[in-house]
Each structure stands twice: as C-alpha cells, then as structure tokens.
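Participant: Questions regarding the structure given below will be posed in turn.
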Amino acid sequence: MKYLKGTGLAALAASGALLTPVFAWGQEAAAVAAEVAAAVAAEVAATPPPPTIADAMAKLAEGQLIANTVWTLIAGMLVFFMNAGFATLEAGLCRRKNAVHILAKNFIVFAVSSIAFWVIGFGLMFGTSTGGFFGWAPLFPNFMGDGAGYPGLSWATLPESVKFFFQLVFAGTAATIVSGAVAERVKFGSFMVFSFVLVAIVYPITGHWIWGGGWLSTLGIAAFHDFAGSTVVHSVGGWAALAGVLMLGSRIGKYGPNGKVNPIPGHNMGLAALGCLILWLGWFGFNPGSTMTAGVQIGHIVVTTNMSAAFGAVAATITAWLVLGKPDLSMILNGCLAGLVAITAPCAVVSMAGAAAIGMIAGVLVVFAVLFFDKIRIDDPVGALSVHLVCGIFGTLAVGLFASPAVIEMYAMGAYCKAGLFYGGGISQVLSQMVGVATVGATVLSISLVVWAVLKYTTGIRVSAEEEMDGLDIGEHGMTCYPDFPTELVQGTPGSDSIMGKTGSGAMMGAHAARA
C-alpha cells in the first residue's frame, strides 16, 4: 500500500508536469481568440451602414453635376470657336485691303464682351428681377457662390462659373454679328465702344425679359419661347447692326445712280467657306448646349439643327440658281447659316419634318432678303442682316407655327411652349412670339441708334474717304494682311460708279447684289 501510495503520488506529479504546457497553450489560445474577437468587433463597428436611398440619390446628383459641367463647358467652347468662323467668313467676303481690320474686330470683340459681361452684363441678365425688366446682382462677381444671386439660372444644376462662361459666349456672338454688317468703313475704336455698351447693357436687358425670368417669359397668352437665341442673340445682333449701317451709310462706290448696284467681290471664298463650316460645327454646341444639362434631349436638338442647316443650304442654292442664274457660293453659305439661325429658337420643340420646313423657308428667304436690302440701298457687306435679323425673326415666329405637341410632351417642354398653329395649337404662341419680336426689335434698334449717334457726333464712327479707298488695314492698323501681294489699283474717284478691281470670286458677284 505504501508502495502504491508513493507510486500514485509520483504519477500524479508527473502528470501535472506534463499538463502544465497544455494549460499554458490553452491560455494563450484563449488570449488570441479574445484578440481576434475584439478585432472583428472593431472592424464590424467601423464598417459603414449599408447605403440608403438618400445616399444613392446624392451620388446620382453628384454624377449629374459633373456630367452637366463637362457637357456645358464643351458646348461653350464650341460656341467660342465660332468666333474663328465669323472672322474667316467675314474676312473672305470682304476685300483683302480690309482683311486685318475684319480679323481685328472679330478678335477684340470677345475680349471686350468678356469684360462687359463680367462687370455688369451677367447680373443685369440673370440677377434678381426688378419688375421683370432687368436683373440685378453685385458688380465684378467672383462666381464662388451657390447660385442664389442669379435666380434667372436657378434651373441649371451647374457651378456659377460654368453658367457665366456659357452665357458669355452667347453674348459675344451677338456683338460679333455687328462686325460684318459695318465692315470696310467703321472706325475700330468706335466699334469697340459700341460692342461694350451692347454686351454690358442692351443685350442683357432684352435677354432678361426672355431667359432671366423677365416679363416675356411669363406672358399671359403664352410664354415667349426662344430656346437658344434666334431673338435673344441673333435678332439683337441684327437690330444693332442695322442701326450701325443706317448711321454709317454705304461704302464708297457701292451704289450708283438710277438704282444701280455695283458688286464688290470678296477676296477669298476659301476663307468664307471654311468660316461657314466652323460655324456649322459650332452650332452643335450653340443649340444643344442651351439645355445646360447632359440629358437625352441634346440628341434631338442636334439632328433638328443639322437638318435645318442642310435644307437651308440646298434651298438657297436652288433659289440663287433660279433667280441669279448661277448657284452662287456666298448664297449657299448664307443659306446654311440662315437655316441655323432660324432653327435656333424652335430646335427643342419641333419635329424633323418641322426642322426641314424651317430650314427650307429660311434658305429661300435669305436670298430675297439680300436682294431687298441692296434694292433699298442698305449696304451689308456679308449679309448679316439677311441671315441674323431676317431669319432670326422668322425662326422666332416659326416656334408658334411648327412647335410639335408630340415633341413638347416627349421632352416635358409644356411649361415653356404651346403647340404651334400648324399642329392645332391655335394662335396664342404665335401672338406671344410676335410680341417678343416687336418689343425686342424696337428696344434694341432705338437704343443702338442713340449709341451710334452719340459716337458719330463725338469720336466719329466712319473712316475718311481716303482711308476707305486705300484700305482700313493701313489706315487703322498700320499693316496689311498680305504684304507680299501687289497693291490693288483703284479705278475712278470716291463716289464714282467705279470700284476696286472687279476680278476675283465672291459672294453674289453678279449684277444683282454684292459682297464686300
């Protein structure tokens, strides 16, 4: 027993010695498990909760803001590039002795417009409305706000800076329209001053009526509708240009006795054609970009815009062929531009067939408008009045005629436009468009006449007869566009029937009309 007792104690001691490491390992394992459990608990606690519907909507809104910003900036840059189109088109349709002057005007006008629109124009157009007649916002804005200061653009989900840039390029377009109509005889400095006044005051006030929440946009019979600017941009530029032409008078030698019209050839139809192609491209930013939203509607606007341009070009070609005897290239170019100007107001509310009809009518209209202005001795070297004023008015009225109820319903445009007369919509939209055309036209023409008159009787607006005959490149800028070319010979004297050498291609070169 004693032996067994001693043996059992020894065995027990030996077993305890053997189990000690096992107990230690178990304690370590428990500690590790506790650490793992704590880590898992911490990770679970740090994991964000599943996204809610509100979170998803916020992400979508952020994505839409980015898409809107990128789309609107690209569209605005296309519209800015239209300055190159205007410059080359006008330079090509004018004589080479004035090419530098044309290019300088088209270049400086956007710089002047940028300053004028930043200082005051943007606020007048889209700031808090004062009785529906003009807006107001602080001068010299920094565009770092939330957009509350510009309620006229509150519908656009964009940063203030993007809104400003896009609207700026439109304001600059209105100013550059004037350049072509007053070409070959206007003083460079006077043109700069007029452009500043136009973009700082005239353009924003009438623009506020339509795009800034002003009285035309809330007209009782029907809201005046001008989606991308047939009136806001093109007609305003056209009325301002008409005032300038009336105050300047015609170019020396353009009109002779007994109603004779002397053709003044443009010097480079290649430049003119290139300019028109650039403008056609730019319009794909001009019209669809006016959505200021990256949405499916832009596709519809692109194709209606293109269709009107195409029908305008073909219609003007056929009309010129029948009336003038030849398919004059300048008429073809202006026919394309006429279709583009005319579709600018109704592009978002008309069908493809409606766009085709609008372009076709504009293409015919522009040819007869050019001949009409020459008949009444209003000298427009590049056809700006025929394209931008006449077809801008027609395009604005076309909204009330061709607005399609199917298109309006598809793109939820019912709050902005009623169906046109030709689609059973009645006459209310037509009347609204007529009111807008008349009031904007009367306002812009009268103010522009006053501004041109003040300039005329202070600094002067027209170069001397000698400078006009020699060319404005030398007289106004002290340089020529083609220094290695021989100087053009002037035949006759200022005021005679003779004009610059009659060789060369260009713009309505027949006996019916002229291009400068």
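The values are calculated or read from the model by the stated rules, or taken from the named source; none is laboratory data. Bear in mind the structure is a predicted one, so any value in this text is a computation, not a measurement. Every residue, glycine as well, gets a Cβ built from its backbone with ideal geometry; the counts of neighbours run over all protein chains shown.
Participant: Please go through (1) buried (at least 23 other Cβ atoms within 10 Å of the Cβ); (2) out of contact with any Lys or Arg (no Cβ under 7 Å at 6 or more places or on another chain); (3) in a helix (DSSP H, G or I) for LEU445 and return the number of the only condition it doesn't satisfy.
Facilitator: (1)
Participant: Still on this structure: How many residues does the stretch 191-212 hold that are buried (at least 23 other Cβ atoms within 10 Å of the Cβ) and farther than 15 Å from VAL233 by Cβ?
Facilitator: 2
Participant: Now for a different question. Do you know which residues across the stretch 177-189 are out of contact with any Asp or Glu (no Cβ under 8 Å at 6 or more places or on another chain) and surrounded by 24 or more Cβ atoms within 10 Å (Cβ to Cβ)?
Facilitator: Our first condition is that a residue be out of contact with any Asp or Glu (no Cβ under 8 Å at 6 or more places or on another chain); within the stretch 177-189, this holds for 177-178, 182, 186, 189.
The answer is ILE177, VAL178, VAL182, VAL186.
Participant: Quick check on the stretch 275-320: of everything there that is polar (S, T, N, Q) and in a loop (DSSP other than H, G, I, E, B), which residue is nearest to TRP155 (Cα to Cα)?
Facilitator: THR293
Participant: Could you pull out every one of the helices (runs of 4 or more DSSP H) wholly within the stretch 77-192 that has 2 or more residues that are more than 20 Å from the chain's Cα centre (by Cα) and not acidic (Asp, Glu)? Talk me through it step by step, then tell me what you get.
Facilitator: Details: elements: 99-116, 122-126, 160-181.
Per the criteria, 99-116.
Participant: Have a look at GLN433, GLN429 and point out the one that is surrounded by 18 or more Cβ atoms within 10 Å (Cβ to Cβ) and either more than 22 Å from the chain's Cα centre (by Cα) or under 22 Å from VAL193 (Cβ atoms) (or both). Don't jump to the end; show me each part of the working.
Facilitator: Values: GLN433 fails: either more than 22 Å from the chain's Cα centre (by Cα) or under 22 Å from VAL193 (Cβ atoms) (or both).
Going through GLN433, GLN429 in turn, just one is surrounded by 18 or more Cβ atoms within 10 Å (Cβ to Cβ) and either more than 22 Å from the chain's Cα centre (by Cα) or under 22 Å from VAL193 (Cβ atoms) (or both): GLN429.
Participant: If you check LEU65 against the conditions, is it at pLDDT below 95 and either closer than 23 Å to LEU168 by Cα or under 21 Å from the mean Cα position of the chain (by Cα) (or both)? First the steps, then the outcome.
Facilitator: Working: at pLDDT below 95: yes; either closer than 23 Å to LEU168 by Cα or under 21 Å from the mean Cα position of the chain (by Cα) (or both): yes.
It is true that LEU65 is at pLDDT below 95 and either closer than 23 Å to LEU168 by Cα or under 21 Å from the mean Cα position of the chain (by Cα) (or both).
Participant: Sticking with this one: Look at the stretch 89-133 and say how many of its residues are basic (Lys, Arg), modelled with pLDDT of 95 or more and surrounded by fewer than 24 Cβ atoms within 10 Å (Cβ to Cβ).
Facilitator: Number satisfying all stated conditions: 0.
Participant: VAL323 passes all but one of (1) free of Cβ contacts under 8 Å to residues at least 60 places away in the same chain; (2) outside any loop (DSSP other than H, G, I, E, B); which number fails?
Facilitator: Of everything listed in (1) free of Cβ contacts under 8 Å to residues at least 60 places away in the same chain; (2) outside any loop (DSSP other than H, G, I, E, B), VAL323 misses just condition (1).
Participant: Moving on to the next point. How many residues are touching a Ser or Thr at 6+ places or on another chain (Cβ under 7 Å) and charged (D, E, K, R) when one looks only at the stretch 413-467?
Facilitator: Final tally of qualifying residues: 1.
Residue-wise test of (1) under 20 Å from ALA75 (Cα atoms); (2) touching a Phe, Trp or Tyr at 6+ places or on another chain (Cβ under 6 Å).
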{"position": "PRO159", "(1), (2)": "yes, no"}
{"position": "THR176", "(1), (2)": "yes, yes"}
{"position": "PHE191", "(1), (2)": "no, no"}
{"position": "LEU219", "(1), (2)": "no, no"}
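Participant: Within the stretch 326-347, track down each residue that is under 22 Å from GLY289 (Cα atoms) and in a helix (DSSP H, G or I). Spell out how you get there, then give the answer.
Facilitator: So the first thing to find is which residues in the stretch 326-347 are under 22 Å from GLY289 (Cα atoms), and the list is 336-347.
Selection gives CYS336, LEU337, ALA338, GLY339, LEU340, VAL341, ALA342, ILE343, THR344.
Participant: State yes or no: is THR293 out of contact with any helix residue (DSSP H, G or I) (no Cβ under 9 Å at 6 or more places or on another chain), more than 30 Å from LYS375 (Cα to Cα) and surrounded by fewer than 22 Cβ atoms within 10 Å (Cβ to Cβ)? Full working, then the answer.
Facilitator: Numbers: out of contact with any helix residue (DSSP H, G or I) (no Cβ under 9 Å at 6 or more places or on another chain): no; more than 30 Å from LYS375 (Cα to Cα): yes; surrounded by fewer than 22 Cβ atoms within 10 Å (Cβ to Cβ): yes.
Taking the combined requirement at face value, the residue does not satisfy it.
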